[in-house]
């Protein structure tokens, strides 16, 4: 179980890093506020991964929907990191 949790936490950390890159590339633009909010949501996923409550936070949805389908579709570079987090669940 510990290895699985570590893998889950690592995947959440890599997702945060990918989202931060998107946020930084939008610095100074109006849409950066949405990316910052998504980054905060990803931090919530990391905390949930650490506490073993990721399924509770996401509920019956997915990481895609938790972060916001529209934002994800507008930032396709984060999709592999979302998929990795989903796979680690």
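Residues in the range 38-89 that are under 16 Å from residue 9 (Cα atoms), free of Cβ contacts under 8 Å to residues at least 12 places away in the same chain and part of a loop (DSSP other than H, G, I, E, B): 53 only. Can you confirm whether the range 18-32 contains a residue that is assigned to a helix (DSSP H, G or I), under 8 Å from the mean Cα position of the chain (by Cα) and in contact (Cβ under 8 Å) with a residue 12 or more places away in the chain? Looking through the range 18-32, at least one residue is assigned to a helix (DSSP H, G or I), under 8 Å from the mean Cα position of the chain (by Cα) and in contact (Cβ under 8 Å) with a residue 12 or more places away in the chain.
The rows are residues; the columns are (1) surrounded by 19 or more Cβ atoms within 10 Å (Cβ to Cβ); (2) under 22 Å from residue 89 (Cα atoms); (3) at pLDDT 95 or above.
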{"site": "3", "(1), (2), (3)": "no, yes, no"}
{"site": "13", "(1), (2), (3)": "no, yes, yes"}
{"site": "27", "(1), (2), (3)": "no, no, no"}
{"site": "41", "(1), (2), (3)": "no, yes, yes"}
{"site": "44", "(1), (2), (3)": "no, yes, yes"}
{"site": "55", "(1), (2), (3)": "no, yes, no"}
{"site": "59", "(1), (2), (3)": "no, yes, no"}
{"site": "70", "(1), (2), (3)": "no, no, yes"}
{"site": "73", "(1), (2), (3)": "no, yes, yes"}
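The values are calculated or read from the model by the stated rules, or taken from the named source; none is laboratory data. Source: prediction; values computed, not measured. We place every Cβ from the backbone using ideal geometry, glycine too, and count neighbours over all the protein chains shown.
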